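The values are calculated or read from the model by the stated rules, or taken from the named source; none is laboratory data. Please read these numbers as outputs of a predicted model, since none were measured by experiment. With ideal geometry, Cβ positions are generated from the backbone for all residues, glycine too; neighbour counts draw on all protein chains shown.
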Amino acid sequence: MRPRRAGRLAATATLLALVTAPLAATGAGAAADPVIDVGARPLGVAFSADGSQAFVANNDDSTLSVIDPATATVLATIPTSPLPFGVTTSPGAPTLVYASTTGAGPTIPSVDLIDPATASVTRLTGPLGNPSGVAADASFVYATNATGQFTRWPTGGGAAQGCELQTPTRGVVLVGTTAYVTQNALNSVAVIDTTTFACPPVAPAIPVGTGPWGIAYNPVRGEVYVVNATSATVSVISTTTNTVVETLPIGPGGRTVAVSPDGDRVYVTETDGLLLVLNRADPALGGTAVVGAGSEGVAASSDGVHVYVTNATDGTVTPFTRPTVTAPADASVAPDTAVTFSVTPAGDVTGLQWERSDDGGATWTPIPGATGTDYSLTATLADDGAQFRAVASSIVFAGAVSGVAALAVAAPPVPPTPAPSPSPTSPTLAVTGSTSGSLALLAAGLVAVGALLVPLAARRRPAR
């Protein structure tokens, strides 16, 4: 197609129906996908390292739900020790799941090492009070405790090592050889060197907001995010300086936090049934998405396709799936012909916007009012070479852009003009000298002129 100059849309196309199939917004008022029913009071949630499975700790059921994100179905329900709380997974294959459990009755608190392939459970015990947060690297799994201990075990099981912080701890995240641990009563984050795993009487700590709870690391931006439940803020810690470099306001009831793989979005659960999305690349693109009642845990898959939120009151998981948009088909029409381009969006789509390019795709201009799944126009010759695409917006994910449809507009070929027919001429005959032949010619109205015959009328002279 020939590239066209930009800015010609208004002069070259007559709009028939900008929105023939309106798109309902989903991310700002409802979940993009149907909820997944799990056990009673789901709290912690985590994905496997490759994103192929998700795991949910059901606190009141004392079970672990294994979910297939591709189909949003529960594959298995594995019994755990009493009252599982937090959950994390091993950083590589094979996938192992670690769930902190607070215990009940004669069963003491533990961290359950669960092999989802065999449904086997190994209880890791040691100096534990009331474990909540868990994190794992290639060598150890770590657990925080409400009674102040910070404990770790070899990832495959073994003897525990304890580190006494002397204050209740909640969340934990690992950054290289450093563990960042939220200290709820001290309104701070302890910084622990995991190479020595020695907790001094007063561990180095970073002051944050009031009531720190969940914590997550953004490796793309080198930032640690701490959810301060009481002060309704998120503290942003630079891992370079170990200082708070920014404080972000959130709504009430903040709990846990996760980060998108590209580092652009920070997800914060609020217990009033909202997922807050903080966009680090462009704060104006942040927002909230409605989830279930008692929203608690949140996790993002490493492939960037899924975000899961547990809803403790509802006993469900709200899944969000990265948006996709099918490509519209090319069109080739005659001038003054109506043409419609169509797409089908899927996943967490909060809006759709058609765009047009008149310079071969170098620049794109939103088409005013074109926000439906179909876009129609009456094509003119000036539209020849124009390109069209649809952009799906999302709060939870980056937007999705469809493929490009090209429009060709050409007039039908003009048939060639036939050559004019030759004018008829009078017949001529050769004449011999026969008298009888001359009489026959006269009878036919012909007369001989030299060697030719011409009509007799042509020889008559006008009267004088």
### Message
under 26 Å from residue 300 (Cα atoms) and either assigned to a strand (DSSP E or B) or in contact with a His (Cβ under 6 Å, 6 or more places away or on another chain) (or both): which single residue out of 156, 86 fits that description?
### Response
86
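Between 33, 37, which is at pLDDT 95 or above and closer than 26 Å to residue 277 by Cβ?
37 is the lone residue from the list that is at pLDDT 95 or above and closer than 26 Å to residue 277 by Cβ.
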#### Entry: Lone unmet requirement of (1) hydrophobic (A, V, I, L, M, F, W, C); (2) farther than 30 Å from residue 274 by Cβ; (3) in contact (Cβ under 8 Å) with a residue 40 or more places away in the chain for residue 414
(3)
### Query
Among 214, 158, 171, which is surrounded by fewer than 16 Cβ atoms within 10 Å (Cβ to Cβ) and not aromatic (Phe, Trp, Tyr)?
158
### Query
What's the number of the condition residue 356 fails, among (1) closer than 27 Å to residue 213 by Cβ; (2) in contact with a helix residue (DSSP H, G or I) (Cβ under 7 Å, 6 or more places away or on another chain)?
(1)
#### Entry: Residues that are in contact with a Ser or Thr (Cβ under 9 Å, 6 or more places away or on another chain) and either in a strand (DSSP E or B) or more than 12 Å from residue 311 (Cα to Cα) (or both), drawn from region 259-278
261, 266, 267, 268, 269, 270, 274, 275, 276, 277
### Conditions (1) crowded, with 22+ Cβ neighbours inside 10 Å; (2) in the same structural domain as residue 377 (by TED's automatic domain parsing); (3) farther than 14 Å from residue 398 by Cβ; number of the one not met by residue 309
(2)
### Task
Filter region 111-124 down to residues that are not in a strand (DSSP E or B) and not hydroxyl-bearing (Ser, Thr, Tyr) and give me whichever is surrounded by the fewest Cβ atoms within 10 Å (Cβ to Cβ).
117
#### Entry: Hey, residue 151 at pLDDT below 95, assigned by TED's automatic domain parsing to the domain that holds residue 234 and either crowded, with 23+ Cβ neighbours inside 10 Å or within 20 Å of residue 215 (Cβ to Cβ) (or both) or not
yes
### Summary
Of those in region 56-86 that are in contact (Cβ under 8 Å) with a residue 60 or more places away in the chain and farther than 26 Å from residue 106 by Cα, the residue nearest to the chain's Cα centre (by Cα) is 69
### Single residue of 185, 203 found to be in a loop (DSSP other than H, G, I, E, B) and either outside the structural domain of residue 143 (by TED's automatic domain parsing) or touching a Pro at 6+ places or on another chain (Cβ under 7 Å) (or both)
185
## Note on the structure
Scanning region 91-124 residue by residue, the ones that are on the phi > 0 side of the Ramachandran plot and in contact with a Ser or Thr (Cβ under 8 Å, 6 or more places away or on another chain) total 1
### Task
Please tell me if residue 195 is free of Cβ contacts under 8 Å to residues at least 60 places away in the same chain, more than 22 Å from residue 185 (Cα to Cα) and among the polar types (S, T, N, Q).
yes
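Among the residues of region 125-134, are any touching a Ser or Thr at 6+ places or on another chain (Cβ under 7 Å), farther than 17 Å from residue 111 by Cβ, of a type in the set (S, T, N, Q) and not in a strand (DSSP E or B)?
Taking region 125-134 and keeping what is touching a Ser or Thr at 6+ places or on another chain (Cβ under 7 Å), we get 125-134.
Still in the list and also farther than 17 Å from residue 111 by Cβ: none.
No, every residue in region 125-134 fails to be touching a Ser or Thr at 6+ places or on another chain (Cβ under 7 Å), farther than 17 Å from residue 111 by Cβ, of a type in the set (S, T, N, Q) and not in a strand (DSSP E or B).
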